[in-house]
1. Computing the accessible area with a 1.4 Å probe over protein heavy atoms, can you report the carbon and sulfur percentage for the protein assembly as shown?
2. Just counting partner chain Cβ atoms within 10 Å, what average do the residues of peptide A:267-275 show around their Cβ?
3. Provide the per residue accessible area, probe 1.4 Å, for chain A, rounded to a whole number of square angstrom.
4. Anything in chain A that counts as a DSSP H helix reaching 24 Å or more along its axis (C-alpha) with Kyte-Doolittle mean of at least 1.6? List them, would you?
5. Highest mean first, how do B:180-188, A:185-193 rank when packing is the count of other Cβ atoms within 10 Å averaged over residues?
6. Mean residue ellipticity at 222 nm from the helices of the protein assembly as shown, using -39,500 (n - 2.57) per DSSP H segment of n ≥ 4 over the full residue count, to the nearest 500 deg cm²/dmol?
7. Which value, in debye to the nearest 20, describes the size of the charge dipole of the stretch A:53-146 about its Cα centre when Lys and Arg Cβ atoms bear +1, Asp and Glu Cβ atoms bear -1, and nothing else is charged?
8. Just need the relative contact order of chain B here, percent rounded to a whole number, with Cα pairs under 8 Å and 6+ apart.
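The values are calculated or read from the model by the stated rules, or taken from the named source; none is laboratory data. Not measured: the values here are computed from a predicted model. Methodologically, a virtual Cβ is constructed for each residue, glycine included, from the backbone with ideal geometry; neighbour enumeration extends over all protein chains shown. Areas reflect the complete protein model, heavy atoms only, side chains present, ligands, DNA and RNA absent. Shrake-Rupley method; radii C 1.70, N 1.55, O 1.52, S 1.80 Å.
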Amino acid sequence: MDNYFHIPQLARRKAKAKRFKYITMMALMASVAFLLFFLSDMIIKGHGAFTQTYVKVPVHINEKTAKFTHLSIERKEYGFMVSRAWLRGLKKTLKENPQWMNTNQERWTLANSNVDQFIKGKYNRLKPKQIQKIKQMQKDGKIERRFNIIFFKKGDSKIPEFSGFMASIMGTVMTMIITMLIAVPLGVMTAVYLEEFAKDNKFTQIIEVNINNLAAIPSILFGLLGLAVFINFFGVPRSSPLVGGMTLALMSLPVIIVSSKAALKSVPDSIRQAGFALGLTKWQIVRDHVLPLAMPGMLTGAIIALAQAMGETAPLIMVGMIAFIPDISGSFLDATTVMPAQIFTWSGMPERAYVERTAAGILVLLGILLSLNAVAIYLRKKYTRTW
Amino acid sequence: MNKMTIKVKTDKLKLWYGDKQALNGVSLDIYENKITAFIGPSGCGKSTYLRCLNRMNDLIDNVTIKGKVTLDGHDIYANGVDEVAVRKKVGMVFQQPNPFPKSIYDNIAYAPLMHDMVKKGKECDALVERALRDAGLWEEVKDKLSESGTALSGGQQQRLCIARTIAIEPDVILMDEPTSALDPISTQNIENLMTKLKEKYTIIVVTHNMQQAARIADMTAFFHLGNLIEYNETEKIFVNPKEEKTEQYITGKFG
Ligand SMILES: Nc1ncnc2c1ncn2[C@@H]1O[C@H](COP(=O)(O)OP(=O)(O)OP(=O)(O)O)[C@@H](O)[C@H]1O
Ligand SMILES: [Mg+2]
């Protein structure tokens, strides 16, 4: 061995470095494992909700059963397998299909959640005789699993097979529109004032410290504030996208301000100096030279703040957005619910069929959040300029 | 020298950053259509003094300025004088080239458009060409006016910044070490440009390069510790300085 390069204890130092490397790698693997476990659990539990079972049963339609729709199915034979929601909807179906009148035919009907769960191989409350019957029908091709259009079209329902996620998706979209309209301009303007116009004195320092602290306040407090100010004082309708959006805007504001300020700070001062030396006003410099450079950073911050607000439940509970909403709301003043609140409601329901809906809802929410983050990354990549 | 008109005049100019005094009463006359060079060791207040002449120090918090600065006999710090209007008349070029991250065309056209000096279109195109020709950059960039100004070489960027400054037709151009970030050839280009530009403008330049001052400046001022030590025709300063400090500095004994 060439002793020329010998350093005492080098081997030991290297071993230490190696050990440290393995520890950090283990930490990484642990977090990846948690993530994978969570995701696969949700997928396993939730994928069932994306299909729904339909059964083909004889339906008798005449003057009488058109009035009392539950009589259109032979209760003893088929009553347990047809959804109450389908029977309720029969009147409407008849209006759309008048030629069904006075027929006795086998028709595809929405299956009861117990049958649906049985078909999906999950826990159900079917009796052995009923199971026999279902198995026979399966052999006869009278049972089908179709894409669950109801989940993506309808709102909540007390009948599990008839409950959908769409009302809450729309609720979230409308709430987020309000949040965005309020929080983004307000936050960006505040950041521009603090970063570009305000003199650095005690007063602005106190404001900045407080804004940073606001970002760390438990979100439920914003809900209390929203309840006290928006609902009780200003009389904004409870449970509406308007009040929810305003409350979430309060919560997103500090995050947007902080990230916008960081984006403005990252614009080199030499750009501003150049502008001043040309006799430009502050507004011209900020509008045409600073803001365009800060834009990608601001956009990213805003999107991340909105994504955060989208997953928020606690403050919305305070303003009544955790409600039973069967219909998709049509205005910003109607009662509505949002995705995380809907997930929370379903997770507390006793029927087993809601379990897969809970997981499916989480998957949809996660999908939307991940795509939002992807958009943020894309925008940052696309608009970041070098100088 | 004949017919020397005073363009800029400062009278007992004092400046404090907070409670630290950086200028101890500088009185100086700067002549029209001449190049005036400021030399002196680092931290002696050359940049500070220069920034007083276009009120760039107003941008720094806690700065106190006493004394008088006049441009063509008008006090630039008088009540009611807008600093933005002063900077339109007194342009500035910085040590680091700082073009806007916009096209070459927009770099030059932006400020004149904002000052309503020209209208968009032909008139503006003509102004851009004139400014680039005056800055000796036209031939190099005439085919790529829409490319980014930041994609040019350092020396080209600095000439772009000079073109941008002369596009607003100031009376005085301040330059704070305009060539210290450039290679010798770019430096020479800029020096030639300055000698040409002094026919139209009054140029004040801060430099650490003694040869540069000797080559291009008509007048030279030597600063030390916030004081103006000596101010005279460049030749006299370099050949026959009156003050001992000046002689020590230009012979490289300190600084
Ligand atoms: N923004 C500022 N705030 C506080 N002190 C400053 C500021 N700018 C400059 N100074 C101080 O004022 C003094 C003069 O600085 P100035 O930049 O004018 O020197 P200079 O002669 O230009 O030096 P150099 O040749 O290194 O550029 C220095 O002591 C410096 O520390
Ligand atoms: Mg300097």
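1. On the way: 19090 of 32870 Å².
Here it works out to 58 percent.
2. Working: counts 1, 3, 2, 7, 4, 2, 7, 12, 6.
If you average over the peptide's residues, the count of other-chain Cβ atoms is 5.
3. Working: 21270 Å² over 387 residues.
It amounts to 55 Å² per residue over chain A.
4. Working: long enough: A:10-46 (54 Å, 0.70); A:166-192 (38 Å, 1.97); A:241-265 (34 Å, 1.40); A:291-310 (27 Å, 1.53); A:353-383 (46 Å, 1.02).
Going by DSSP H runs, the hits are A:166-192.
5. On the way: B:180-188: 14.9, A:185-193: 18.6.
Result, highest mean first: A:185-193, B:180-188.
6. On the way: 26 runs with 319 residues, N = 642.
Calculated at 222 nm, the ellipticity per residue is -15500 deg cm²/dmol.
7. Working: 22 positive and 8 negative charges, 77 e Å.
Here the size comes out at about 360 debye.
8. Numbers: 463 pairs, mean separation 68.8, N = 255.
Dividing the mean separation by the residue count of chain B yields 27 percent.
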